[in-house]
Amino acid sequence: MIHEKNFDSILKELQKKYDSIGQNTNDHLKGLLYSKPMTYWDYIQTDALLNLQIQRTVLPDEMVFIAYHQINELIFKMILWEIQQVAEPEKLNVGFFESKIMRISRYFDMLTTSFNIMREGMEIEQYMKFRYTLTPGSGFQSAQYRLIEFASTELINLIDHRFRETIDRNTPFEHAFEHLYWQAAGKDYTTGKKSTLLVNFEKRYKGDFIRFMQTYNTKNLWTRFKELPPKDQKNDKLVKAMRHYDYTVNVTWVMAHYNTAVHYIESGTGDGEATGGSDWKKYMHPKYQRRIFFPELWSEEELKNWGEQV
């Protein structure tokens with residue numbers, strides 16, 4: 001004999017849920033009669049995801065390059081999702097803050113170690129051929145990575161160190177944007193001329209960047225950290241997590257990227273130039289641009305030697 005379950009309590013909860021948003025519960029229940037059962041491939045959108053890898057050449061290892069960078073962009077999206085959860089709440093507690101920072105750090109830890117996939121997963125000869133089809137595109141043009149930077153720290157910490165004394169919180173965002181550290185990778189400051197790499201990047205994303213800079217000007221990770229009670233700002237676990245995140249993003253991960261670039265670009269089989277035409281060594285190496293999200297959490301000696309001991 002089959003015993004029918006009593007669903008009255010569940011129905012009451014559904015009624016309460018839909019009443020709260022002005023919806024008819026019966027309509028939603030009827031919809032269930034015609035809806036398809038969920039499958040893994042529909043939920044993950046597997047078919048769509050696996051059809052996004054479009055090669056420009058017939059070289060097999062180009063697939064590794066494309067898929068790897070798409071995975072990076074998905075991880076960047078997850079990082080921004082975690083940062084948003086720290087940025088939005090009216091009040092934060094130290095435990096929640098620390099847990100989110102460590103989540104973000106683990107994503108970057110994974111990104112750091114994953115560079116071996118690129119370094120050991122592509123033949124130099126193949127990469128040095130298909131890379132020319134990418135010109136003038138470059139990984140430099142990852143918009144999500146720029147958003148992560150804007151959401152992590154106060155804007156002044158992303159300004160080219162040569163111009164920081166001329167910029168403060170009253171500086172128009174448009175002017176600050178023109179002096180971000182990464183502008184130097186594609187801009188001649190004596191003439192103001194920008195490379196095609198930078199022109200294309202700004203044409204696509206500059207408006208989005210300016211709006212995002214304005215939004216996160218008062219709710220980036222560093223600003224939210226400083227809103228915590230003084231006692232919480234000295235919490236050992238939180239400070240350790242913040243330092244780990246800062247160093248991982250701006251030194252460890254950057255150097256893993258840098259060393260992979262050296263492995264290929266300086267292999268002796270090409271012209272030694274980046275696809276986007278940037279001065280990639282000075283742009284990428286942390287000792288030059290000194291990208292530091294939370295400078296107040298580091299000693300003078302640590303700041304002085306930033307990016308040197310790697």
- Message: For LEU180, what residues show an amide H to amide H distance below 5 Å, using hydrogens built from the backbone and excluding near sequence neighbours?
- Response: ASP160
- Query: Of LYS100/LYS304; LYS237/LYS287; LYS12/LYS91; LYS16/LYS36; LYS17/LYS206; LYS12/LYS100, which pairs sit farther than 31 Å apart, going by alpha carbon to alpha carbon?
  - Reply: LYS12/LYS91; LYS17/LYS206; LYS12/LYS100
- Task: Go ahead and estimate [θ] at 222 nm for the chain from helices alone: -39,500 (n - 2.57) per DSSP H run with n ≥ 4, summed, over the residue count, rounded to 500.
- Result: -17500 deg cm²/dmol
- Note down the nm distance, to one decimal, between modelled labels 7 Å out along Cα→Cβ at ARG204 and at LYS287. 3.3 nm
- What does a probe at THR113 reach in the stretch 230-254, counting residues whose amide N is under 15 Å from the point 7 Å along Cα→Cβ? 253
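Once you list every other residue whose beta carbon is under 9 Å from the beta carbon of LYS194, what net charge do they have if Lys and Arg are +1 and Asp and Glu are -1?
Values: positive: LYS187, LYS193; negative: ASP188, GLU202.
That sum, taken over residues with Cβ under 9 Å, equals 0.
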- Message: Using DSSP to call loops (not H, G, I, E or B), can you name the GluC sites (Glu not before Pro) in the stretch 4-86 whose Cβ has at most 10 other Cβ atoms within 10 angstrom?
- Response: GLU4
- Message: Testing the spin-label approximation: label points 7 Å from Cα along Cα→Cβ at ILE75 and LEU14. State their distance in nm.
- Response: 4.2 nm
- Under a 10 Å cutoff between Cα atoms, tell me which one of VAL58, VAL251, VAL262 has the largest fluctuation in the Gaussian network model of the chain. VAL58
- Task: Within the stretch 119-161, which residues have the backbone N less than 19 Å from the label spot 7 Å out from GLU302 along Cα→beta-carbon, could you tell me?
- Result: 152-154, 157-158
- Message: Running a GNM on the chain with Cα contacts under 10 Å, which residue among HIS263, HIS175, HIS244 ends up with the highest mean-square fluctuation?
- Response: HIS175
- Item | Length-normalised contact order for the chain - Cα pairs under 8 Å, 6+ apart - percent | 23 percent
- Item | Candidates SER138, SER105, SER299, ranked by Gaussian network fluctuation over the chain, Cα under 10 Å, top entry | SER299
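Could you pull out the trypsin sites (Lys or Arg not before Pro) across the stretch 128-179 that fall in loop regions by DSSP (anything but H, G, I, E, B) with no more than 13 other Cβ atoms inside 10 Å?
Working: sites: LYS129, ARG131, ARG146, ARG162, ARG164, ARG169; in loops: ARG162, ARG169.
For trypsin sites (Lys or Arg not before Pro) across the stretch 128-179 that sit outside H, G, I, E and B with at most 13 neighbouring Cβ atoms in 10 Å, the list reads ARG162, ARG169.
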- So for the pair VAL262, ASN6, with labels modelled 7 Å out along Cα→Cβ, what separation do we get in nm? 7.2 nm
- Task: Enter the accessible area per residue of the stretch 153-268 (Å², integer; probe 1.4 Å; all protein chains in place).
- Result: 50 Å²
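The values are calculated or read from the model by the stated rules, or taken from the named source; none is laboratory data. Quantities reported herein were computed from a predicted structural model and do not represent experimental measurements. Backbone-built Cβ (ideal geometry, glycine too); neighbour counts: all protein chains shown. Heads up: the accessible areas ignore ligands, DNA and RNA and are worked out on the full protein's heavy atoms, side chains in. Shrake-Rupley method; radii C 1.70, N 1.55, O 1.52, S 1.80 Å.
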